[in-house]
Amino acid sequence: MSHGFERICSDSQDLGGVHSLVMDRLRTNLKHSEVTAKLIRVFYDVYNELGHGFLESTYRDAMVVALEEAGLRADREFPVPVWFRGRKVGQYFADFVVDNAMLLELKAVRTRELAHEAQLLHYLRATDIEVGLLLNFGLRPQFRRPLCDNERKKIRGNPCESVAKVLA
């Protein structure tokens, strides 16, 4: 089935094209780099097979199948509680947590927006997970990989304490 774009193969060592450029830039010293590389391959595989134009739920269901086939454990609808001064004030759900290491948020919009990245960053700040991956199944595949180190999250632990003092 033709979707008006060239197929990007990710099941061989010579990934070719754009996918190769993406994978070459992925440094192996990054946190969870192996999981990240697998997730990006799965993302492109799903995008190549389905193309763009489906609802986010369709891509989410396809990702479940593809992640399982890639040997990755993905927990769907991962709860993200929001706490304020010791009280739970909100509850959100990230699309996936993969291998207990990365939050995965899917979008099926024309183009990625800052609000989507902010959503994932908020999820990272509200959990102990430090790495996320935002995947957009839009007109062209897009992804972002934000990081929020747990050390940086501690600054928010006591809002009365000076940030400068915590960083010193």
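None of the figures in this text is laboratory data; all of them are computed from the coordinates on show. Just so we're clear, the structure is a prediction, and the values are computed from it rather than from any experiment. Every residue, glycine among them, receives a Cβ derived from its backbone with ideal geometry; neighbour counts consider all protein chains shown.
Here are the numbers:
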| read-out | value |
| --- | --- |
| Radius of gyration and maximum dimension Dmax of the stretch 42-107, Cα, Å | 14.1, 46 |
| Taking the convex hull of Cα positions in the stretch 17-149, its mean projected area over all directions (nm²) | 8.2 |
| Charged-residue dipole, Cβ positions (Lys, Arg, Asp, Glu), the stretch 17-149 about Cα centre, Debye nearest 20 | 480 |
| Phi to ³J(HN,Hα) by Karplus 6.51 cos²θ - 1.76 cosθ + 1.60 over the stretch 142-150, Hz, x for Gly, Pro | 9, 8, 9, 10, x, 10, 9, 4, 4 |
| Ranking of Val65, Val109 by count of other Cβ atoms within 10 Å, fewest first | Val65, Val109 |
| The stretch 92-108 - phi-based ³J(HN,Hα) in whole Hz, Karplus 6.51/-1.76/1.60, Gly and Pro as x | 10, 9, 6, 4, 8, 10, 10, 6, 6, 10, 9, 7, 10, 10, 9, 9, 9 |
